[in-house]
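Accompanying notes for the structure given below.
The values are calculated or read from the model by the stated rules, or taken from the named source; none is laboratory data. What you see is a predicted model; the values in this text were computed from it and never measured. When we count neighbours, we look across all protein chains shown, and the Cβ atoms used for this are built from the backbone with ideal geometry, even at glycine. Note: areas computed on protein heavy atoms with side chains; ligands, DNA, RNA excluded. Shrake-Rupley method; radii C 1.70, N 1.55, O 1.52, S 1.80 Å.
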Amino acid sequence: MEFILRDNQKEKIQVARAVAIFMVIVTHTVLFNPYEIYVRPFVNPAVGIFVFLSGLLTKEQIQGKDILTFYKRRLLRVFIPYTLWSIVYVVFQGSYDTAIIDYLTGNCCSTFYYILVYMQLVIIAPLVGKLIRSKLWWIGFIITPVAIVTEYILVNCGIDVIYPYNINNFFVWFIFFYMGMLIRIRYKSGKEVSSTRINVISIVLIPVCIALELLEGHAWLSLGRTDFANTQVKLSAMLTGMVVCIFIASLILSKSEKRPLRLLVLIGDASFGIYLIHQLIIGIWGRYFSNLIVASDYWFIIEAVVVLIIASIIILVSQKIFGKKIGRLLGVY
């Protein structure tokens, strides 16, 4: 049975992307806020969701000439926009001295590490498909925990794996990509579990996972490690992300024919472009319009909404102006 998504399922994927991109924006507007440690567990799943959806939309059997076509389509899709927008951020920040190393490590913009992770996962996708179908399929679930525990051990030994090197490698995100491809195969084979049951279990588990994430965050905070307290790359955050992704998969693959809200679908369509430019909007706002920023601990919510609206308008208008061919080169599609 071939894996084919209905139109409303494709739209639900875009809704998931819309939610995830808003989470990403909140992650950057809540920075240094006294409530950040309490907000981050609710938005930390963002990157995991994007990686998971990439896995869900990746064929599990890629071989022969298909591999080159797959690489060309997937890698060029992000490499060219990554390069163009990296240059934009270098110019805006004036970070010319570190431009080359920043470009190679995904640090021209603090969120660009994700593109490097995505490209790494694309490259190993054919191997991931083989692993899923092998007797050693379970190995796919231990790679990420082992990577994070290794980082914990290094930190306790006084060896810090600092940003961006702690998050710009595929090991710490692998489990989401693997889950996406695995669910794709199980769904195709007709062995899916009741969506209602998954939804109920997920709704019960998500608050538990968030509570665990808060506990781990405060534990790191007590050790003076604010970076670990809020990071997405900790065991409890990954657990939260996994449960959220399973819940999202259940909603996407359900038999419901209900069409999601069109506005959310449009934002999902524009999510890659929003991802590329939202930090620039935040930077310009802070540099030139700081008088419009309200001195309130809760301002980050309004700021995130405004940034999302501005970025969405820019990208959706750009899609109309440039069309798909040029738009893909610029990253607006």
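For the range 32-75, a residue qualifies if it is in a loop (DSSP other than H, G, I, E, B), in contact (Cβ under 8 Å) with a residue 40 or more places away in the chain and closer than 24 Å to residue 110 by Cβ, and the qualifying residues are 33, 34, 35, 44. Cβ-Cβ distances below 7 Å connect the following pairs, each with a first residue in the range 79-108 that is without any contact (Cβ under 8 Å) to a residue 60 or more places away in the chain and closer than 16 Å to residue 163 by Cα, a second residue that is assigned to a loop (DSSP other than H, G, I, E, B) and polar (S, T, N, Q), and a separation of six or more residues or different chains: 102/95. The residues in the range 75-94 that are at pLDDT below 95 and over 22 Å from the mean Cα position of the chain (by Cα) can be counted, and the count is 0. Mind listing whichever residues of the range 320-333 are surrounded by fewer than 18 Cβ atoms within 10 Å (Cβ to Cβ) and free of Cβ contacts under 8 Å to residues at least 60 places away in the same chain? Hits for the range 320-333 are 320, 321, 322, 323, 324, 325, 326. Beta carbons closer than 9 Å, at least 6 apart along the sequence or on distinct chains, pair a first residue in the range 126-138 that is open to solvent by 100 Å² or more (accessible area, probe 1.4 Å) with a second that is of a type in the set (A, V, I, L, M, F, W, C) for 133/185; 137/131; 137/182. The sole residue among 309, 293 that is open to solvent by 80 Å² or more (accessible area, probe 1.4 Å), out of contact with any Leu (no Cβ under 7 Å at 6 or more places or on another chain) and among the hydrophobic types (A, V, I, L, M, F, W, C) is 309.
Among the conditions (1) at pLDDT 95 or above; (2) open to solvent by 30 Å² or more (accessible area, probe 1.4 Å), the only one that residue 67 does not satisfy is (1).
Against the definition (over 22 Å from residue 274 (Cβ atoms) and of a type outside the set (Gly, Ala, Ser)), how does residue 67 come out, yes or no?
Numbers: over 22 Å from residue 274 (Cβ atoms): yes; of a type outside the set (Gly, Ala, Ser): yes.
Considered against the rule, which asks whether it is over 22 Å from residue 274 (Cβ atoms) and of a type outside the set (Gly, Ala, Ser), residue 67 comes out as yes.
Could you check the range 40-61 and list, in sequence order, the residues that are crowded, with 18+ Cβ neighbours inside 10 Å and aliphatic (A, V, I, L, M)?
Taking the range 40-61 as the starting set, the residues that turn out to be crowded, with 18+ Cβ neighbours inside 10 Å are 40-41, 43-56, 58, 60.
Result: 43, 46, 47, 49, 51, 53, 56.
For the residues 254, 236, the requirement of being more than 30 Å from residue 158 (Cα to Cα), polar (S, T, N, Q), surrounded by 12 or more Cβ atoms within 10 Å (Cβ to Cβ) and within 24 Å of the chain's Cα centre (by Cα) singles out 254.
Which is farther than 22 Å from residue 230 by Cα and open to solvent by less than 80 Å² (accessible area, probe 1.4 Å), of 170, 79, 92, 176? Before the answer, list the steps.
On the way: 170 fails: farther than 22 Å from residue 230 by Cα; 79 fails: open to solvent by less than 80 Å² (accessible area, probe 1.4 Å); 176 fails: farther than 22 Å from residue 230 by Cα.
The conditions single out 92.
One residue is enough: does the range 19-30 have a residue meeting the conditions assigned to a helix (DSSP H, G or I), open to solvent by 80 Å² or more (accessible area, probe 1.4 Å) and not hydroxyl-bearing (Ser, Thr, Tyr)? Checked the range 19-30: no residue is assigned to a helix (DSSP H, G or I), open to solvent by 80 Å² or more (accessible area, probe 1.4 Å) and not hydroxyl-bearing (Ser, Thr, Tyr).
Being in contact with a Phe, Trp or Tyr (Cβ under 9 Å, 6 or more places away or on another chain) and aromatic (Phe, Trp, Tyr) is the filter here, so list the residues in the range 82-127 that pass it.
Here is the first cut: in the range 82-127, the residues in contact with a Phe, Trp or Tyr (Cβ under 9 Å, 6 or more places away or on another chain) are 82-83, 85-87, 89-90, 95, 102-103, 105-126.
Of everything in the range 82-127, those that are in contact with a Phe, Trp or Tyr (Cβ under 9 Å, 6 or more places away or on another chain) and aromatic (Phe, Trp, Tyr) turn out to be 82, 85, 89, 103, 112, 113, 114, 118.
Does the range 115-160 hold any residues that are outside any helix (DSSP H, G or I) and within 20 Å of residue 182 (Cα to Cα), and which are they? 133, 134, 135, 136, 142, listed by residue number. Only a single criterion out of (1) closer than 27 Å to residue 83 by Cα; (2) within 22 Å of the chain's Cα centre (by Cα) is not satisfied by residue 287, namely (2). When the residues of the range 201-228 are filtered to those that are modelled with pLDDT of 95 or more and among the acidic types (Asp, Glu), the one that is surrounded by the fewest Cβ atoms within 10 Å (Cβ to Cβ) is 216.
Table: residues versus (1) assigned to a helix (DSSP H, G or I); (2) over 24 Å from residue 264 (Cβ atoms).
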position	(1), (2)
297	no, yes
302	yes, no
311	yes, no
317	yes, no
320	yes, no
323	yes, no
326	yes, yes
333	no, no
